[in-house]
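Trainee: Below is the structure I would like to discuss, written out as structure tokens.
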Amino acid sequence: MAYYLVRFYSGSGDRPPEQLIREVVDTELRPKLQQGGGLTRYITFVADDGRIGSASVYESKEAAQKGLQIARDWASSTGAMQGYQLSETLEGEIAATLDIDIQYKPAFGMARLFPTQATAAEVVETIRKARAGAPDNASKARTVIVQLAGGRVGSFAAYESAERRTQHSAAIRQSRENPEFRRVLPNDPVEIPVRIITSTG
């Protein structure tokens, strides 16, 4: 089953975050991860809180764990990451990718981490039932729904603009007024907005 892996790094280095990502992470680390096998999508970003990071889609958990080790080895062997340390990892099996047919260059992203007793599969089923027969909504966005550890479901979406991200957030809040949505997603999410730097796959 496809697996999602997000890594956040805190700190600062001797070059601006975007430059570090474009000149070092994307040119040195990404090829190593691709050679490791099983990587189908790789996104790098700068979060609004200043952290830098990456989001990866792998064919399996095993491939993701191998990629994780490759990234660890690379980070410890390169001086480019000096001043940064891994601050958070989010990972889990992908329950569904929604609206994958929408085509645009991703420029902004949002991680939404929902505390819930429901499974990611139940959340996906609720979304699909609510959408059945509903008019097409312009605020839809490519979204990966992931079963995270610790009683959480993650929603990771990419957008062509900050405005689209705001529209989608409003649409999600409106959807959660529906009793079925409220049942599976009773709590407000932790939101982590990001600016996407590179996207491959």
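Trainee: Testing Gln65 on (1) buried (at least 16 other Cβ atoms within 10 Å of the Cβ); (2) assigned by TED's automatic domain parsing to the domain that holds Asp49; (3) of a type outside the set (Val, Ile, Thr), one condition comes back false. Which one is that?
Mentor: (1)
Trainee: Could you grab the pairs with beta carbons closer than 7 Å, sequence gap of 6+ or different chains, first residue in segment 7-23 and in a strand (DSSP E or B), second one of a type in the set (Val, Ile, Thr) and surrounded by 15 or more Cβ atoms within 10 Å (Cβ to Cβ)?
Mentor: Tyr9/Ile52
Trainee: A further question on this structure: Of the conditions (1) out of contact with any Phe, Trp or Tyr (no Cβ under 8 Å at 6 or more places or on another chain); (2) exposed (fewer than 13 other Cβ atoms within 10 Å of the Cβ), Ser161 fails just one. Which one is it?
Mentor: In the conditions (1) out of contact with any Phe, Trp or Tyr (no Cβ under 8 Å at 6 or more places or on another chain); (2) exposed (fewer than 13 other Cβ atoms within 10 Å of the Cβ), Ser161 misses (1) alone.
Trainee: Give me the residue from segment 149-182 that is touching a helix residue (DSSP H, G or I) at 6+ places or on another chain (Cβ under 8 Å) and part of a helix (DSSP H, G or I) and, out of that set, farthest from Thr126 (Cα to Cα).
Mentor: So the residue we want is Ser175.
Trainee: With the requirement that a residue be touching a residue at least 60 places away in the same chain (Cβ under 8 Å) and crowded, with 21+ Cβ neighbours inside 10 Å, what does segment 113-133 give you?
Mentor: Phe114, Val123
Trainee: Could you tell me whether segment 85-93 includes any residue that is part of a helix (DSSP H, G or I) and either in contact (Cβ under 8 Å) with a residue 40 or more places away in the chain or over 26 Å from Arg176 (Cα atoms) (or both)?
Mentor: The first filter runs over segment 85-93 and keeps only residues part of a helix (DSSP H, G or I), leaving none.
So far as segment 85-93 goes, no, none of its residues is part of a helix (DSSP H, G or I) and either in contact (Cβ under 8 Å) with a residue 40 or more places away in the chain or over 26 Å from Arg176 (Cα atoms) (or both).
Trainee: Something else: Looking at the structure I just gave you, is Thr97 modelled with pLDDT of 90 or more and of a type in the set (Ser, Thr, Tyr)?
Mentor: yes
The values are calculated or read from the model by the stated rules, or taken from the named source; none is laboratory data. Model, not experiment: these values are computed from the prediction. Don't worry about glycine lacking a Cβ; one is built from the backbone with ideal geometry, like all the others, and counts go over all protein chains shown.
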